[in-house]
1. Protein chains only, probe 1.4 Å: how do VAL199, VAL46 rank by accessible area, largest first?
2. Determine the sum of side-chain charges near ILE37: Lys and Arg each +1, Asp and Glu each -1, restricted to other residues whose C-beta is under 11 angstrom from that of ILE37.
3. Considering only protein heavy atoms, what is the solvent-accessible area of VAL71 at a probe of 1.4 Å, reported in Å² to the nearest 10?
4. How much accessible surface area, in Å² rounded to 10, belongs to the heavy atoms of MET85 with a 1.4 Å probe?
5. Under the classification rounded if a/c is under 1.5, otherwise prolate if a/b is larger than b/c and oblate if not, where does the range 78-157 fall, given a ≥ b ≥ c as square roots of the Cα gyration tensor eigenvalues?
6. Taking amide H positions as placed in the peptide plane 1.01 Å from N, state which residues far from ILE26 in sequence (5 or more) or on other chains have amide H under 5 Å from it.
7. By its C-alpha gyration tensor, with a ≥ b ≥ c as the square roots of the eigenvalues, how is the range 1-76 shaped: rounded for a/c under 1.5, else prolate for a/b larger than b/c, else oblate?
8. Please report the carbon-and-sulfur percent of the accessible area for the range 37-165; probe 1.4 Å, protein heavy atoms only, DNA, RNA and ligands left out.
Amino acid sequence: MSPKSTETHAARIARALADQIVSGEIPPGTRLRQDHISTQFGASHVPVREAFRELEAQGLAENQMRRGFRVTDFDVAELREVAEMRSSLEALALRHAAANLTRKILDEAEEVTRHGDAAATVREWEAANRHFHQLILAPCQMPRLLRTIDGLQTASARFLFAAWQRDWEARTDHEHRAILSALRDGHVELACSTLARHVGWIGKRKSATKNAAPIETYRIFG
């Protein structure tokens, strides 16, 4: 049975809304109206409220006293925080996952990277990109850590869509291949440091500004 088939109604609503927020279909500052969303998903208010709380936990929505939930804004300071957290936590997960990474997993990760290189849209690329990270990190067998990383990757994707929604172009991901090469050769610390640099680079850019962020952010996403 697939994970989606076992999702609660609230989880399905949260996932659908999160996808729309991350992609920019629901822009920052938008009020999330409970009645409208209940009608949209054919749900009672209870699962919708649960979905809103899940979005709040992911940092995608905030509860305004007596005004309900709204989609959160984001800025370069948040981007840097997300980048630094991903840098540390993904390296930690990979360090614990390395001993459990099989040739089959590494081959699949390489194939996913090729799919990302050939992506026709930013949405396709982001899906391949996230799949790559899930493949090499999941064997760490640390569910709490993986849930935290997943939330950070969702935040990263939001910046990605904002940066590339107008000027998407396919890019060859050399750093993914460098990580895989190091893992195949048994150089775990090199793989971890490459991964940390790959996802954390933008957080170290002193010159990044709010206006520059859409140009610079592509270097964070891996």
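The values are calculated or read from the model by the stated rules, or taken from the named source; none is laboratory data. All values derive from a computational prediction rather than experimental measurement. Using ideal geometry, Cβ is built from the backbone for each residue, glycine included, and neighbour counts are taken over all protein chains shown. Surface areas here come from the heavy atoms of the whole protein model, side chains and all, with no ligands, DNA or RNA. Shrake-Rupley method; radii C 1.70, N 1.55, O 1.52, S 1.80 Å.
1. Result of the area sort, largest leading: VAL46, VAL199.
2. Result for the local shell: +2.
3. 0 Å²
4. Spelled out: MET85, probe radius 1.4 Å, area about 80 Å².
5. Oblate, because a/c is 1.5 or more while a/b does not exceed b/c.
6. Distant-sequence amide H within range of ILE26: ILE21.
7. oblate
8. Carbon and sulfur together cover 50 percent of it.
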